[in-house]
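These notes concern the structure reproduced below.
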Amino acid sequence: MNFDGSVVPIIDLNPARTGTHADRQAVAKQVGEAARSIGFLVVSGHGVPAGVIERAENASRRFFDLSGEDKVKYAAPSADIYRGYFGIETGNLASTIGQDEAKPDHREYFNIGRFDLDKSDPYFTTPTAMRIFRDNIWPDPDVPEFRPAIIDYYREMEGLAALLMELCARALHLPPDWFQDKINKHITNMVISNYPDQPEMLEDGQLRAGAHTDYGGLTILKTENKPGGLEVQTADGRWVPVPIVAGTFIINLGDLMAQWTNDQWVSTMHRVVNPPHEEGVGSRRQSLVFFHQPNYDAVIECIPTCAIGQPVKYAPTTSLEHLEMKMNQMNDTPKFRNADAV
């Protein structure tokens, strides 16, 4: 079903969580239709406890309410460590699609990686793993509730992502567990973005988050209904708002899912726009973003059911190779390179 005429459908996951095999197949079909048409969907009936969401939101807000001097204490010690606090305008998402002259994003953010590594498993102790699975930076002295709230939220997102990937497999006429061995040791980063009030207009062409596609398999977003929000680009080039519906999550596909499906499913351009100038004060909004990324050594090549009757468009790559290519594009900005001085 659509919300208020939006091109982004709302899909109830409850039948997939609690229903029969036929119920799961019916929900998977809806997911597949959204994946082919717009690459975005809004999900209700997800089963994530409201209290877990509220605690994560409140703890995050308290962190961003700290002074700049206090927040920067939790910045990464160097720009090659993607953990902790990144100051305002240190990211540039539009640069990942080749817009080298794009203005930096008007947001600050905090990055969290996996925290439950089984160091007895050699997978997590290889040189590659030691480079990826960095220790998290937690603001325990200033916001002691931040760590437990975010850990609880992250775990809920892992469960929701697993359900969504099962539905994706069903929609692609694959066995329900087809993605399981490709995501069971995922390298997901969770990014908490804070978009501050805008009492003054920004530079021409500068946005809260520039136009971009996401990098991985899929993204799970929880955000607020405030002026200046998320927009998605339709196939005919229009920018349309994504509905913010209480109690739901926004889901979108990333570039790896598009490559996996030989572009049968779409990774759609999106951006976060500025509020109208007259609504700039009071427009602060916060987003919890779970960028679900497959195992670092997962081979991303055309899914067999997506190669029937058409040529394969992409050479094989790995989850990590693609992620690092995209991250290097974003990181190659002066403010990001000097993030520890912000």
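The values are calculated or read from the model by the stated rules, or taken from the named source; none is laboratory data. The structure presented is a predicted model; accordingly, all values stated were derived computationally and were not measured. Here the Cβ is made from the backbone with ideal geometry for all residues, glycine too, and neighbour counts use every protein chain on show.
Starting from residues that are within 23 Å of Gly32 (Cβ to Cβ) and surrounded by fewer than 23 Cβ atoms within 10 Å (Cβ to Cβ), keep the ones in segment 243-253 and report whichever is modelled with the lowest pLDDT.
Result: Pro243.
Out of all the residues in segment 139-160, is one or more among the basic types (Lys, Arg), free of Cβ contacts under 8 Å to residues at least 40 places away in the same chain and either crowded, with 16+ Cβ neighbours inside 10 Å or within 19 Å of Glu54 (Cβ to Cβ) (or both)?
Yes.
Give the residues of segment 65-90 that are crowded, with 19+ Cβ neighbours inside 10 Å and aromatic (Phe, Trp, Tyr), sorted by residue number.
Tyr74, Tyr85, Phe86
If the requirement is being in a helix (DSSP H, G or I), over 26 Å from Lys326 (Cα atoms) and under 19 Å from the mean Cα position of the chain (by Cα), which of these qualifies: Val52, Val48?
So the residue among Val52, Val48 that is in a helix (DSSP H, G or I), over 26 Å from Lys326 (Cα atoms) and under 19 Å from the mean Cα position of the chain (by Cα) is Val52.
So, in segment 63-92, how many residues would count as being of a type in the set (Phe, Trp, Tyr) and part of a strand (DSSP E or B)? Please lay out each step first, then the result.
Let us first name the residues in segment 63-92 that are of a type in the set (Phe, Trp, Tyr), namely 63-64, 74, 82, 85-86.
After this cut, where a residue has to be part of a strand (DSSP E or B) as well, the list is 85-86.
Of the residues in that region, 2 qualify.
When you look at Ser60, is it in a helix (DSSP H, G or I), crowded, with 17+ Cβ neighbours inside 10 Å and at pLDDT below 95, yes or no?
Here the answer is no, as Ser60 does not meet what is asked.
Between residues in segment 9-25 that are within 14 Å of Cys168 (Cα to Cα) and residues that are among the basic types (Lys, Arg), which pairs lie under 8 Å by C-beta distance while being six or more apart or on different chains?
Ala16/Arg24; Arg24/Arg170; Gln25/Arg170
Here is a check on your reading of the model: is Phe133 in contact with a Phe, Trp or Tyr (Cβ under 9 Å, 6 or more places away or on another chain), under 24 Å from Val273 (Cβ atoms) and either surrounded by 16 or more Cβ atoms within 10 Å (Cβ to Cβ) or modelled with pLDDT under 95 (or both)?
no
So, in segment 34-70, of the ones that are without any contact (Cβ under 8 Å) to a residue 60 or more places away in the chain and touching a strand residue (DSSP E or B) at 6+ places or on another chain (Cβ under 8 Å), which residue ends up farthest from Glu224 (Cα to Cα)?
It comes out as Ala34.
Go through Gly159, Gly113 for me and flag whichever is closer than 17 Å to Phe291 by Cβ and touching a Ser or Thr at 6+ places or on another chain (Cβ under 8 Å).
When all the criteria are applied, what remains is Gly113.
Within segment 23-47, take every residue that is surrounded by fewer than 19 Cβ atoms within 10 Å (Cβ to Cβ) and of a type outside the set (S, T, N, Q) and give me the one that is nearest to Pro141 (Cα to Cα).
My answer is Gly47.
Answer with yes or no whether Ile187 is of a type in the set (Val, Ile, Thr) and crowded, with 21+ Cβ neighbours inside 10 Å.
When the stated conditions are applied, Ile187 passes them.
Considering only residues that are among the β-branched types (Val, Ile, Thr) and modelled with pLDDT of 95 or more, which ones fall in segment 1-33?
Ile10, Ile11, Thr18, Thr20, Val27, Val31 - these are the residues of segment 1-33 that are among the β-branched types (Val, Ile, Thr) and modelled with pLDDT of 95 or more.
Filter segment 208-254 down to the residues that are more than 29 Å from Pro49 (Cβ to Cβ), over 18 Å from the mean Cα position of the chain (by Cα) and either aliphatic (A, V, I, L, M) or part of a loop (DSSP other than H, G, I, E, B) (or both) and list them by number.
Result: Thr234, Ala235, Asp236, Gly237, Arg238, Val240.
Run Met201 past the list (1) out of contact with any helix residue (DSSP H, G or I) (no Cβ under 7 Å at 6 or more places or on another chain); (2) farther than 23 Å from Glu158 by Cβ; (3) not acidic (Asp, Glu) and report the number of the one that doesn't hold.
All conditions are met except number (1).
Scan segment 289-308 for residues that are touching a strand residue (DSSP E or B) at 6+ places or on another chain (Cβ under 7 Å) and farther than 30 Å from Ser60 by Cα and jot them down.
Those that are touching a strand residue (DSSP E or B) at 6+ places or on another chain (Cβ under 7 Å) and farther than 30 Å from Ser60 by Cα: Asp297, Ala298, Val299, Ile300.
When you go through (1) farther than 28 Å from Asp255 by Cα; (2) at pLDDT below 95 one by one for Glu54, which number turns out not to apply?
(2)
Looking at (1) modelled with pLDDT of 95 or more; (2) farther than 27 Å from Asp12 by Cβ; (3) part of a strand (DSSP E or B), can you tell me which one Phe291 breaks?
(2)
Answer yes if at least one residue in segment 93-109 is under 30 Å from Ala28 (Cα atoms) and free of Cβ contacts under 8 Å to residues at least 40 places away in the same chain, and no otherwise.
Taking every residue of segment 93-109 in turn, none turns out to be under 30 Å from Ala28 (Cα atoms) and free of Cβ contacts under 8 Å to residues at least 40 places away in the same chain.
Can you tell me which condition Ile150 does not meet? The list is (1) assigned to a helix (DSSP H, G or I); (2) over 21 Å from Asp214 (Cβ atoms); (3) within 19 Å of the chain's Cα centre (by Cα); (4) not charged (D, E, K, R), and all the others hold.
(2)
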